[in-house]
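The values are calculated or read from the model by the stated rules, or taken from the named source; none is laboratory data. Quick caveat, the model's predicted, so the values are computed rather than measured. Cβ coordinates were reconstructed from backbone atoms using ideal geometry, including for glycine residues, and neighbour counts include every protein chain displayed. Just so you know, the surface numbers come from the protein's heavy atoms only, side chains and all, with ligands and any DNA or RNA stripped out. Shrake-Rupley method; radii C 1.70, N 1.55, O 1.52, S 1.80 Å.
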Amino acid sequence: MQYKDYYKIMDLSRDASQDEVKRAYRKLARKYHPDVSKEADAEAKFKELGEAYEVLKDPEKRAAYNQLGANWKSGQDFKPPPNWDEGFEFKGGGFTGGDNSEFSDFFEQLFGRAGFQSAHAGRKTSEHLRGQDSHAKIHIDLEDSYRGATRNISLSTPEMSTQGELLVKHRSLNVKIPKGIKPGQHIKLAGQGNPGLGSGEAGDLFLEIVFNNHPLYRVAEADVYLDLPVTPWEAALGAKIKVPIPDGSVELKIPPNSRQGSKLRLTGRGLPTKVPGNFFVELQIVLPLASTDQAIEVYQNMQQTLGFNPRESMGV
Amino acid sequence: MPMNPHDPSLVHTGTIIEDEPLTLVQLCRACGTHAEWVISLVEEGIIEPDGKEIHLWRFSGVSLVRVRSALNLQRDLGVNLAGIGLALDLMEQLKTLRSRLNVTGHC
């Protein structure tokens, strides 16, 4: 197997930046593109360029390639040293959508023949490929985040039968919901994604956390909000009242002369994240109906005693 | 006896991505895409990893969601990078406004 000098192919120095790699590729691709170029060996050069770019544009592959050392000459007989790729992982991630079916033996020896996306389509089962990562949403209640919980999720996973047919398998999974999780966060379950081919390991499963709507509370980031109905006299005179919170209840002091919509903060009583969120209480003043003689009398007294005009600022 | 990872009674404990953000390789694998495409999303400012150098890049769950949406926009609608950036930002604004409406109780 012959060593390939990808830097030479792209006419780059070994310390070229990723931007320079990209520019060099664009320039050379225009020059050697088989549809455009009039040079006799354009097609071969274009393929070679594609292969070089495949390696040099991918930081992971480039770093591993660099590790082989700079002393190899193009065309020199080459055998990869043992453990040359230790600490790198090419399975899946690094491969671009480019057609790598015609890459050299040199490339294949180093980076494999993967092309991960097409891995499941019509592959021989004698190959060993890591399964794809999969994604799902998991719906939880607000209280689950306050206390931590275990939730069950049903998943449908495509699987290849030994005959190469695509089957959909249903399974359910118990998942631990850690205390303090926020909406939109993801839990990664290693090895619970799609199964690998052959003895390839399974992919990972990513679960996006979605909060169910709650009859009392609303959540924004780590903060939790509650609309709290209060009487006019509680708002006007101040009061100590019992307020529900997701992990129990608290005594809340309403200051005198609180207005409709006033927000009171209970610091650190929101979601129990690393920096706990806050719990906000928004006062909603509720008027009792003037439905009895006594109630009517109270409102009439207020009218005569307070002489209050809420529309003063409107000039009427 | 080793635990069977497919035992239905088993309770699985995962890691929260925000606690252990994804590397470029992990993000590519999670989205079934390639590094160059993700790098171009970063260059376009569509996703913003922590860390200056490519090999130090770390991606949050927000990036994971945005890359997956970007792939769908490109695949389903043929949207280009600039269009993907615009669409994702507008979608994000819409989501924020909706949740704000919800929080102030008007939704």
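Here B:Glu53, B:Glu43, B:Glu20 are screened, and the one residue that is at negative phi, open to solvent by 20 Å² or more (accessible area, probe 1.4 Å), at the interface with chain A (Cβ under 8 Å from one of its Cβ atoms) and not basic (Lys, Arg) is B:Glu20.
The rows are residues; the columns are (1) within 25 Å of B:Val25 (Cα to Cα); (2) in a helix (DSSP H, G or I); (3) away from chain B (no Cβ under 14 Å).
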residue	(1), (2), (3)
A:Ser199	yes, no, yes
A:His214	no, no, no
A:Ala235	no, yes, yes
A:Lys242	no, no, yes
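Number of residues in segment B:56-96 that are closer than 21 Å to B:Glu18 by Cβ and within 12 Å of another protein chain (Cβ to nearest Cβ): the value is 16.
Being loosely packed, with under 13 Cβ neighbours inside 10 Å, within 28 Å of the chain's Cα centre (by Cα) and within 28 Å of A:Lys176 (Cβ to Cβ) holds for only one residue in A:Val224, A:Val275, A:Val219, and it is A:Val275.
Only one entry of A:Ser199, A:Ser258 meets the criterion of being hydroxyl-bearing (Ser, Thr, Tyr) and open to solvent by less than 30 Å² (accessible area, probe 1.4 Å), and that entry is A:Ser258.
Of the residues making up segment A:178-197, those that are at the interface with chain B (Cβ under 9 Å from one of its Cβ atoms) and basic (Lys, Arg) are A:Lys182, A:Lys188.
Being within 11 Å of chain B (Cβ to nearest Cβ) and either open to solvent by less than 10 Å² (accessible area, probe 1.4 Å) or in a strand (DSSP E or B) (or both) is a description that applies to A:Val175.
In segment A:26-44, the residues that are farther than 18 Å from A:Ser104 by Cα reach residues that are surrounded by 14 or more Cβ atoms within 10 Å (Cβ to Cβ) and at pLDDT below 70 with C-beta atoms within less than 8 angstrom, at least six apart or across chains, in these pairs: A:Lys31/A:Ser37.
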